[in-house]
Amino acid sequence: MIEKDADIELDQADYDSFRFALEDMGYAHEEVSALSAQTAQSPTILRRHLATLPALKNPDWSKEGSALTRKLIPILLAGAWNKSNEWDRTIVSGLAQCTPYEQVERDMLDLLALPDAPVWAIGNYRGIVCRRDALFAAHSSLLDTDIDAFLREAEFILSEDDPALDLEPDQRWSAGIYGKKREISGSLRQAIGDMLVLL
């Protein structure tokens with residue numbers, strides 16, 4: 001699982017903070033309400049929305065019909081995973097509509113090489129930098145078959161039994177010691193749940 005204790009955590013801006021910041025920038029109340037709805041109060045989406053430079057507003061990977069966007073879609077849907085986990089690799093391959101996992105890794109390398117890379121790779125972990133931003137920028141390239149593949153894999157992931165429940169309640173805290181852990185990584189399980197909420 002990816003380390004969750006960050007040195008600094010930046011929460012999503014609440015509406016009042018978002019409104020005050022935009023009003024300080026000179027936006028009228030009506031404009032603030034519209035921008036809040038259009039960007040889900042995400043600073044990265046707001047940056048793209050307000051950008052005047054084409055490279056910021058529409059990076060190469062977000063252009064409709066771009067081969068880069070198609071490479072991004074399964075990574076966007078997966079969110080984060082452990083490439084050393086066989087189950088994670090199988091699920092990511094399923095999200096890529098049965099593309100071999102090795103091809104997804106090659107696609108990651110292509111996306112990582114971009115100046116405004118929408119993906120990250122640390123050790124065995126892979127993921128999307130900002131899911132809301134990527135979804136906002138690449139949503140027009142999502143196909144019905146992509147959503148169908150996501151829902152199929154999400155159902156499989158979320159229906160996996162928790163082997164820790166085989167232990168007595170007072171022993172469940174030590175499930176790892178007994179080898180009682182799920183096959184699918186916690187990173188992918190969490191990311192899939194987050195994507196269900198976003199969709």
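The values are calculated or read from the model by the stated rules, or taken from the named source; none is laboratory data. Note that the structure is predicted; figures quoted are calculated from it, not measured. Here the Cβ is made from the backbone with ideal geometry for all residues, glycine too, and neighbour counts use every protein chain on show. Calculation scope for accessible area: heavy atoms of the full protein, side chains included, ligands and nucleic acids excluded. Shrake-Rupley method; radii C 1.70, N 1.55, O 1.52, S 1.80 Å.
Out of D88, D60, D14, D24, which single residue is modelled with pLDDT of 85 or more, over 21 Å from A191 (Cα atoms) and not aromatic (F, W, Y)? Steps first, please.
Numbers: D88 fails: over 21 Å from A191 (Cα atoms); D60 fails: modelled with pLDDT of 85 or more; D14 fails: modelled with pLDDT of 85 or more.
Unique residue meeting the criteria: D24.
Pick out, from region 74-150, the helices (runs of 4 or more DSSP H) lying fully within it that include 3 or more residues that are farther than 13 Å from W61 by Cβ and either open to solvent by 20 Å² or more (accessible area, probe 1.4 Å) or among the acidic types (D, E) (or both). Lay out the reasoning, then the answer.
Details: elements: 86-95, 101-112, 131-138.
Per the criteria, 86-95, 101-112.
Picking from residues in region 121-142 that are within 16 Å of L198 (Cα to Cα) and aliphatic (A, V, I, L, M), the one that is modelled with the lowest pLDDT is A137. For R19, the conditions (1) under 21 Å from M195 (Cβ atoms); (2) without any contact (Cβ under 8 Å) to a residue 24 or more places away in the chain are fulfilled apart from (1). For region 83-104, a residue qualifies if it is in contact with a Lys or Arg (Cβ under 8 Å, 6 or more places away or on another chain) and over 24 Å from D144 (Cβ atoms), and the qualifying residues are K83, R89.
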